[in-house]
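This report refers to the structure that appears directly beneath it.
The values are calculated or read from the model by the stated rules, or taken from the named source; none is laboratory data. Note that this is a predicted model, so its numbers are computed, not measured. A quick note on method: Cβ atoms are made from the backbone with ideal geometry, for glycine too, and the neighbour counts reach across all protein chains shown.
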Amino acid sequence: MGRRGHSRHANSQKTMSLNAWCRAIFSGNGLHAGRTALLGSARPYAPRTVCPGQAAARFHGHAHHEPPHFAYRGDGLPPIACEQIQQMVHMNERMAQGKLASMRPSAAPLREAECNVEGHRIELYEDLKELHDTVMAANWHDSILLTMNADLWDGTLARLKRMAEDVSDMQVQIMLSKTLEIFDALYKVEDVQDHIFELIEELPHFGGKPATETPLAAGNIDKHIKHVLERYAQLKQEHPRYTAKIQDSVGYSLAILRQRYTFSWPEEHKYFY
């Protein structure tokens, strides 16, 4: 055989071995691969003997005789944090509802400074509302609580009132009016309760009207009680929004007074002990 025929025969053997190796690799079963695998080297078509499982693992990343998730030894994808998942879900919901702003440039800044006029109004409104809610949630019948917190509330109200005088926002002015009204109701309730407590101190601890020989510091006790009842009804008419607070404070004090001294009262059966 000549040199040309010998070279042609060698090239055909190399091509056949390459085709056989490719068929063995891509058939899905690395165990049937030939003992010869052609790997890239400096010489083209340079044969090197390797293990079939090793050849399949180098090509696919794992051997076919075991599941890929058992043979894989890599780090995998980085885990997604819970905050990122919540952010993606929230962004998807906003996009689905059409609430996501477009990414085109805007003439106005997306975030304004805290010293702008709108931010100042919102902060003032929230401070007034917080003060109003704090006074509303307080126990107006507790004289100790009112004594400890009245000065703090008065100072906060004076500061917010001074700041709200120059603000023309409607919501701020409405909340300021509500806050001033609840403070007026609180002051009136506190005055009536102090008078009732003074009457209670003058009466004995037993119920019913005292005997004729029992001295009373206030000889006109019936007249005092009559004025207190009139003032109680007047308070509920002046501040109908805070009727429940007036009943829980002045009404409760009147019920305690009625335990010491018997008098007629339209709401005498609302309080039981």
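Within region 130-156, the set of residues being of a type in the set (D, E, K, R) and assigned to a helix (DSSP H, G or I) comprises Glu130, Asp133, Asp151, Asp154. Taken over region 163-188, the residue count meeting the criterion of being in a helix (DSSP H, G or I) and over 26 Å from His141 (Cβ atoms) is 8.
Whether any residue in region 247-264 is under 30 Å from Ala164 (Cβ atoms), of a type in the set (A, V, I, L, M) and either part of a helix (DSSP H, G or I) or at pLDDT below 85 (or both) is what I want to check. Yes; the residues of region 247-264 include at least one that is under 30 Å from Ala164 (Cβ atoms), of a type in the set (A, V, I, L, M) and either part of a helix (DSSP H, G or I) or at pLDDT below 85 (or both). Inclusion of Ala211 among residues that are out of contact with any helix residue (DSSP H, G or I) (no Cβ under 9 Å at 6 or more places or on another chain) and modelled with pLDDT under 85 is warranted.
The one condition from (1) closer than 30 Å to Ile256 by Cα; (2) modelled with pLDDT under 90 that Val192 does not meet is (2).
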